[in-house]
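Data first, discussion second: the structure below is written as structure tokens.
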Amino acid sequence: MHADSRPDAADWRRALTRFVNVIPHTRELGLEVLEASPRLTRMRLPWHAELLGDSRRGLVHGGVLTMLLDTACGSAVLPALPAPEVCPTLDLRIDHFRPAVAGQDLLVEARVVRVTASVVFTEGRVWQSAEGEVARAVGNFVRLGSRNTPPAFAEALFAQEEDDHA
């Protein structure tokens, strides 16, 4: 990112990749940021057997879907704000439409619906194939503001890696 410009979609994709790689469970599960902009955040969770909650029937654990929607919705908040700030989950409501099944990656997208002085309202959806949504969420995130956001938060998101200079 250039010092005199706002982050573009590629900058946000790198920043959110850095963000999800700091969280131990999303890093270990291999959550991948596919797209990130103020308009939309899209991610992919690759399939692996540790996602199963019911191995006999081959169904993904509901907690995996909750984590995925919370992470995607929370990540979507960052590029939608004038400047990155810490915004913890205030509440998350999930509608489960059908089970997520073994053997298929999970795709998730999230968008910000509204930003107020104190809350950011989001919505997200998870799917596995063209058959339709697995789950949908509405998530609200409380804005802590610049006073309660570590001074180096934005710098850490957009830090240049050693490889970026080569």
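The values are calculated or read from the model by the stated rules, or taken from the named source; none is laboratory data. This one's a predicted model, so the numbers in the text were calculated from it and none came from an experiment. Cβ placement follows ideal geometry from the backbone for every residue including glycine, while neighbour counts extend to all protein chains displayed.
Quick rundown of the values:
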item: From the options Pro38, Pro7, residue that is buried (at least 16 other Cβ atoms within 10 Å of the Cβ) and modelled with pLDDT under 90; result: Pro7
item: Filter result (in contact with a Gly (Cβ under 9 Å, 6 or more places away or on another chain), part of a loop (DSSP other than H, G, I, E, B) and under 22 Å from Leu92 (Cα atoms)) within the range 25-75; result: His61
item: Single residue of the range 63-91 satisfying the filter (within 13 Å of the chain's Cα centre (by Cα) and within 13 Å of Phe121 (Cβ to Cβ)) that is surrounded by the most Cβ atoms within 10 Å (Cβ to Cβ); result: Ala76
item: Residues located in the range 21-59, provided they are β-branched (Val, Ile, Thr), within 26 Å of Arg98 (Cα to Cα) and free of Cβ contacts under 8 Å to residues at least 60 places away in the same chain; result: Thr26, Val33
item: Per-region count, the range 128-149, residues of a type outside the set (Ser, Thr, Tyr), loosely packed, with under 13 Cβ neighbours inside 10 Å and part of a strand (DSSP E or B); result: 1
item: In the range 85-101, residue farthest from Asn140 (Cα to Cα) [restricted to those that are touching a Ser or Thr at 6+ places or on another chain (Cβ under 7 Å) and outside any strand (DSSP E or B)]; result: Glu85
